[in-house]
Ligand SMILES: C[S@@+](CC[C@H](N)C(=O)[O-])C[C@H]1O[C@@H](n2cnc3c(N)ncnc32)[C@H](O)[C@@H]1O
């Protein structure tokens, strides 16, 4: 799975526990799916039919691979043969190598040249959109394992990360049996149609601050689209990052976008993630959701990102200060017919 800011890796077991306690949920929609890890867990652990949506092209590919593909319908031998063929290609000095290895230093050039060769060949060997998504996911995850970043692509490290000198290695993604679909749409445009599509539960995990995903993961977007865009700045971001900001990244527009979204969703259940470091206050979200149905909140305490744990250091590496706090709280809001009872049972199980 790729490194991703705001990924709900640590919250997934709790989300699965909560949703698993709600009777009669057969279909769920993850409206801001990102890495798809929540959508994957709902499909794999609870057997739900899942719709995974995001505005990003790379998230759509991840969703096609992990959510829309039924592992039981895939010819694994054929896929392994194609991955072996891709892994053995001679390197090509192309767009990725020039842009992300020379103009910027996200990958070592020898890995960049393999990425260039593999990306071009995927469109030649993929027999259908499903195969294309699986092969692209394999490439994205392989590139992520040898990148030289802290997990965001707004900058690369001054000194090469040790993992960057490893060889790019294509692996077969761990596909999941079951059904689902992948959508690339603005959440606010898709939301009004969810109840009519038979969705029982909608999961909302919008961006919670000014940091744009389009800017932070521009390399994955370019790799998937394969459109060799003009780039700018030291980070060599796609030029369209400048104009593709989500309303959810704007302190001024985010609340209007979020409240319009909640008001337009008619599914029996809503589950919302939000961090105490985000634009919205817990009380405001609770009040908004309460207009939709019974609402309960579970605060979940986590250690903050690693930089906060390490403290502030000067250029020689001496510790010169502390960040303001080393823990943050993620809130899970559940809204539906007997939300308090469901969340209370789940909280009891989590603390038992
Ligand atoms: C907090 S992340 C979701 C992380 C995800 N739950 C995970 O565990 O990987 C928010 C996601 O919302 C997407 N996004 C931003 N604006 C959007 C919009 N208007 N409609 C749909 N997706 C959007 C971003 O591309 C990003 O992947």
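Find how much the distance from residue 88 to residue 26 grows on full extension, using 0.36 nm per residue of separation minus their present alpha carbon separation; answer in nm with one decimal. Before the final figure, lay out each step's value.
On the way: separation 62, 0.36 × 62 = 22.32 nm, distance 4.26 nm.
My answer for the length gained is 18.1 nm.
When the Gaussian network model of the chain links Cα atoms closer than 10 Å, the mean-square fluctuations of 136, 334, 172 top out at 172.
The stretch between residue 152 and residue 128 holds 5.6 nm of extra length on full extension. This uses 0.36 nm per residue minus the Cα-Cα distance.
Looking only at 203, 248, 232, which one moves most when the chain is put into a Gaussian network model with springs between Cα atoms under 10 Å? Ranking 203, 248, 232 by mean-square fluctuation puts 232 first. Across 56, 284, 235, mean-square fluctuation computed from a Gaussian network of the chain (C-alpha pairs under 10 Å connected) peaks at 284. Can you give the FRET efficiency to the nearest 0.05 for residue 263 and residue 228, using r as the Cβ-Cβ distance and R₀ = 51 Å? The computed FRET efficiency comes out at 0.80. Mind giving me the nanometre distance, one decimal, between the label points for residue 167 and residue 210, set 7 Å out from Cα along Cα→Cβ? The answer from the label model is 4.5 nm. Summarising the overall dimensions of the chain from its C-alpha atoms, the Rg and Dmax are 20.9, 60 angstrom.
The simple spin-label model puts a point 7 Å past each Cα toward its Cβ; for residue 329 and residue 185 those points are separated by 3.5 nm. When only Cα pairs below 8 angstrom with a gap of at least 6 residues are kept, region 75-169 shows a relative contact order of 26 percent. Taking each residue as 0.36 nm, the span from residue 351 to residue 1 lengthens on full extension beyond its C-alpha to C-alpha distance by 123.2 nm.
Coordinate-derived values only; no laboratory data. The structure presented is a predicted model; accordingly, all values stated were derived computationally and were not measured. When we count neighbours, we look across all protein chains shown, and the Cβ atoms used for this are built from the backbone with ideal geometry, even at glycine.
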